[in-house]
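The values are calculated or read from the model by the stated rules, or taken from the named source; none is laboratory data. Treat the numbers as computed from the prediction; the structure is a model and nothing was measured. Glycine also receives a Cβ, built like all others from the backbone with ideal geometry; neighbour counts cover every protein chain displayed. Ligands, DNA and RNA are stripped out before the accessible areas are found, and what is left, the full protein with its side chains, is counted by its heavy atoms. Shrake-Rupley method; radii C 1.70, N 1.55, O 1.52, S 1.80 Å.
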Amino acid sequence: ELPAWMNDPRTRKITGIVVTFLALFLFFASLSFLFTGHHDLRLMVPGSAEEEATAREAYRNMLGFLGAHAGYALVHHGFGLGALFIPFLLFLYGIKIWLKKSLLPLGKSTRLSLLGMLYIPLVIAFIFHEGNREEGYQLTCNDNLVGFAGKYMLDLAAYNLGGFGTFMVLLLAG
């Protein structure tokens, strides 16, 4: 049984509001990082040659320091463009908690969002890569569109399925 304070409607509303605004923050932080990530990475990566010169430089993410670091975690180290599904889901769940209304079916939205988080970075990485497994893959697009997950999934799919097998799986799954 839950404590009484967790069943209080005020707690539910506050939780819903916090989750909704967290979703909005993460959405704008991730979206901004897609465009300003290369600049902000120079400020975040320790030991870079330009570290001292850029120590006083401002972050270009529209949400500043926190936005740049949140975008870095979700986009660069996460799912690239597919990371935008995380704030989307948080927004849907936040509205559900706050207003007790579903904007979209939560189960179907969650399934499709999880699929999109995995599928979109892999497709982008597959289309915009050069090289082979032995020499390593180089992306010909912005790394932030693919994220770590897309690079890893491309490496895994190419190793296990080969180029043609990966293409067929992407074609049949899409």
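Yes/no matrix, rows are residues, columns are (1) open to solvent by less than 70 Å² (accessible area, probe 1.4 Å); (2) outside any helix (DSSP H, G or I); (3) not hydrophobic (A, V, I, L, M, F, W, C):
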site: LEU103; (1), (2), (3): no, yes, no
site: SER113; (1), (2), (3): yes, no, yes
site: PHE126; (1), (2), (3): yes, no, no
site: GLY131; (1), (2), (3): yes, yes, yes
site: GLU134; (1), (2), (3): no, yes, yes
site: GLN138; (1), (2), (3): no, yes, yes
site: CYS141; (1), (2), (3): yes, yes, no
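The set of residues from the stretch 137-171 being farther than 24 Å from SER30 by Cβ and aromatic (Phe, Trp, Tyr) comprises TYR159, PHE164, PHE167. The numbered conditions (1) under 30 Å from LEU161 (Cα atoms); (2) surrounded by fewer than 17 Cβ atoms within 10 Å (Cβ to Cβ); (3) not small (Gly, Ala, Ser) are all true for PHE65 except (1).
The set of residues in the stretch 57-72 being assigned to a helix (DSSP H, G or I) and either within 8 Å of the chain's Cα centre (by Cα) or over 20 Å from PHE148 (Cβ atoms) (or both) consists of GLY64, PHE65, LEU66, GLY71.
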